[in-house]
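For reference, the structure is listed below as structure tokens.
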Amino acid sequence: MTTHAAQFINGEWLAGQGEAFSSLNPANNEVIWQANSATADQVDTAVKSAREAFYSWSDMAFEARLEIVKRFAEQLKENSEELAIAIAKETGKPLWETRTEAGAMVGKIAISEKAYHERTGVVENAMPVGRAVIRHKAHGVVAVFGPYNFPGHLPNGHIVPALLAGNTVIFKPSELTPYVAELTLKLWEKAGLPAGVINLVQGEVETGKALASHRGIDGLFFTGSSRTGHILHEQFAGQPGKILALEMGGNNPLIVKDASDTKAVVHDIIQSAFISSGQRCTCARKLFLPAGEQGDAILEHLVRATKAIKVGNFDDEDQPFMGSMISNQAAAGMVAAQQQLIDLGAEAIIELTHKEGTGFVTPGILECSNVTDFPDDEHFGPLLKVFRYTDFDAAIEKANDTSFGLSAGLLSDNAEDYDHFLRRIRAGIVNFNRPITGASSAAPFGGIGASGNHRASAYYAADYCAYPVASVELEKVTLPGALSPGLSID
Ligand SMILES: NC(=O)c1ccc[n+]([C@@H]2O[C@H](COP(=O)([O-])OP(=O)(O)OC[C@H]3O[C@@H](n4cnc5c(N)ncnc54)[C@H](O)[C@@H]3O)[C@@H](O)[C@H]2O)c1
Ligand SMILES: O=CCC[C@H](NC(=O)CCC(=O)O)C(=O)O
């Protein structure tokens, strides 16, 4: 495969001047994309071009920016199948799922338009003299960092509101999904976005470091691992003037208590734990089941249903529930995590297995009730840890025993249990009798603790894309009727 001009800087596709890197189809290791990464100098040019474009973009009326963003939505719709196939090929996710991802990218535009007005609109109040006005202004030049698991939808969730607010953008996608990023940028180009308003710098960690540490950016919107998010947070220390939005991982609990419909319970557990091969930040990692008959029946049914999960190629005609994980390395990492837990005393109820040399794994379930020193790590794959409990409050306490706080859920027929759970559980997404994955873009999306820095995304992304400006205004400088004591202006 030949390498090509993969950097989009100031409206031009340029060859990277750094190291070559490539993207593989994780199902069969076929090289699907190859190019050279952007060097620190090229990142610098991208930042300068975004700066150059900032005034003309932010000076445009909102409606004019919106028109271009809507043209991007049209491009997304026209090319949605190509995009869904690209996401599937590059991530291993099945097509039924990546079609939903392409659809979510289109849906984001109307939601971001609404959020722009509702969260950052203009508010005017009459005052005894003049008026008080609240407006919002774009930060300037912002960097967007994306993860590999939703290479279209999640960066789009930063880029669209950032552009609507009037920012210009430098996008650094995951090095595991450069092909999807390139396709997306081509759609922005076709939509007629002016040169420099969005720039794409492709590369591995070095390219990311060059962008994140660039003094010329006014903010950084990040979705990815807690590990990287922490590094960025440290790097931004001492720069209070810069906006940093961190959407990070989770170690998410799901508790079952007195839920009578076992089939529905098993469905919601599987949908929470194994969708996207467990590669969603919101996936359930810990399942709390009551000790005794009720819990035994659920577990037995869950084991049967999990063993029946179809794993397969993204384009199998008979679509699998789970495709491949992102890489052979990620899959091997899950096997190692499973072994670590077994060494700590966990018991494999269903062993997660790996088809070596590929990203394919089968889902696993571990009984972990007796594991002491449970590591507080996010295992980003289809490995569910089961804990049996006798006391609901003790289960909630154990569910909260994590530095993360992204999603959590309760499956129960009892609304009072939910009321209690809601008050005690520490997470940004708390669901009742629904899977804990599949969060809505029309609601705020973010976690607490190691999951985020209180800059929720999705519907609330508008908040971190602009800053408020409060003004008191009068048409003409006017002397007040009564002067302050001790003042005479003659
Ligand atoms: N909360 C959310 O909204 C959300 C959504 C999706 C995924 N995630 C999390 O993302 C993770 C999976 O994604 P990932 O593995 O791609 O994340 P990652 O942290 O490895 O990478 C994310 C981005 O950061 C860049 N990067 C990595 N190290 C860097 C450094 N030192 N300096 C600058 N840039 C750097 C990468 O190149 C990539 O573009 C999981 O932990 C998952 O839970 C969170
Ligand atoms: O992997 C993390 C994202 C998971 C996904 N969340 C969203 O899509 C949030 C909505 C948005 O950002 O628009 C999920 O909950 O499945």
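A few remarks follow.
- Test: residue in segment 119-141 that is over 17 Å from the mean Cα position of the chain (by Cα), under 24 Å from S327 (Cα atoms) and not charged (D, E, K, R): no
- Contact map, segment 386-405: residues that are more than 21 Å from C281 (Cα to Cα) paired with residues that are hydrophobic (A, V, I, L, M, F, W, C), Cβ distance under 7 Å, separation 6+ or inter-chain. Pairs shown: R388/L289; R388/A291; Y389/F288; Y389/A291; Y389/A395; T390/A291; A395/I255; A395/F288.
- Inside segment 330-383, residues that are within 24 Å of the chain's Cα centre (by Cα), of a type in the set (G, A, S) and not in a loop (DSSP other than H, G, I, E, B) make up a count of 5.
- Scanning segment 202-228 for residues that are small (G, A, S) and either without any contact (Cβ under 8 Å) to a residue 40 or more places away in the chain or touching a Pro at 6+ places or on another chain (Cβ under 8 Å) (or both) yields a count of 3.
- Only listed residue being under 26 Å from Q329 (Cβ atoms), away from ligand 2 (no atom under 16 Å from the Cβ) and not polar (S, T, N, Q), chosen from A237, A191, A210: A210
- Where a residue in segment 415-442 is within 16 Å of ligand 2 (Cβ to nearest atom) and its partner, wherever it lies, is in a loop (DSSP other than H, G, I, E, B) and of a type in the set (F, W, Y), with Cβ under 6 Å and at least six apart: A442/Y459
- Residue check, G107 of a type outside the set (D, E, K, R), modelled with pLDDT under 95 and outside the structural domain of G323 (by the TED database): no
- Pick from segment 187-238, criterion of a type in the set (D, E) and more than 28 Å from A73 (Cα to Cα), ranking: surrounded by the fewest Cβ atoms within 10 Å (Cβ to Cβ): E234
- Options A264, A273: the member that is hydrophobic (A, V, I, L, M, F, W, C), exposed (fewer than 15 other Cβ atoms within 10 Å of the Cβ) and assigned by the TED database to the domain that holds N414: A264
- Complete set of residues in segment 460-490 that are crowded, with 21+ Cβ neighbours inside 10 Å and either hydroxyl-bearing (S, T, Y) or assigned to a loop (DSSP other than H, G, I, E, B) (or both): Y464
- Selection status of R285, in contact (Cβ under 8 Å) with a residue 40 or more places away in the chain and touching a His at 6+ places or on another chain (Cβ under 9 Å): yes
- Of all residues in segment 414-430, exactly one satisfies the criterion of being out of contact with any helix residue (DSSP H, G or I) (no Cβ under 9 Å at 6 or more places or on another chain) and either within 16 Å of ligand 1 (Cβ to nearest atom) or not assigned by the TED database to the domain that holds A399 (or both), namely I429.
- Selection count, segment 447-459, where residues are surrounded by fewer than 24 Cβ atoms within 10 Å (Cβ to Cβ), touching a residue at least 24 places away in the same chain (Cβ under 8 Å) and more than 9 Å from ligand 2 (Cβ to nearest atom): 6
- Residues located in segment 304-329, provided they are of a type in the set (V, I, T) and not in a loop (DSSP other than H, G, I, E, B): T306, V311
- Every condition in (1) buried (at least 24 other Cβ atoms within 10 Å of the Cβ); (2) more than 16 Å from ligand 2 (Cβ to nearest atom) is met by P147 except one, and the failing one is (2).
- Residue match in segment 414-434 (condition: part of a helix (DSSP H, G or I), at pLDDT 95 or above and in contact with a Pro (Cβ under 6 Å, 6 or more places away or on another chain)): no
- The single condition among (1) within 12 Å of ligand 1 (Cβ to nearest atom); (2) not assigned by the TED database to the domain that holds P290 that Y467 does not satisfy is (1).
- Residue match in segment 141-154 (condition: in contact (Cβ under 8 Å) with a residue 12 or more places away in the chain, polar (S, T, N, Q) and in contact with a strand residue (DSSP E or B) (Cβ under 6 Å, 6 or more places away or on another chain)): no
- The number of residues in segment 410-437 that are crowded, with 23+ Cβ neighbours inside 10 Å and either touching an Asp or Glu at 6+ places or on another chain (Cβ under 8 Å) or under 20 Å from F374 (Cα atoms) (or both) comes to 3.
- Matching residues in segment 213-234 - criterion: being of a type in the set (D, E, K, R) and away from ligand 2 (no atom under 16 Å from the Cβ): R215, D218, E234
- Every residue from segment 289-324 that is closer than 30 Å to P147 by Cβ, surrounded by fewer than 24 Cβ atoms within 10 Å (Cβ to Cβ) and in contact with a strand residue (DSSP E or B) (Cβ under 9 Å, 6 or more places away or on another chain): T306, K307, I309, K310, V311, G312, P320, F321
- In this structure, L244 does satisfy being touching a residue at least 60 places away in the same chain (Cβ under 8 Å) and under 26 Å from F54 (Cα atoms).
The values are calculated or read from the model by the stated rules, or taken from the named source; none is laboratory data. Since this is a predicted model, take the numbers as computed values, not measurements. Ideal geometry is used to build each Cβ from the backbone, glycine not excepted, and the neighbour counts take in all protein chains shown.
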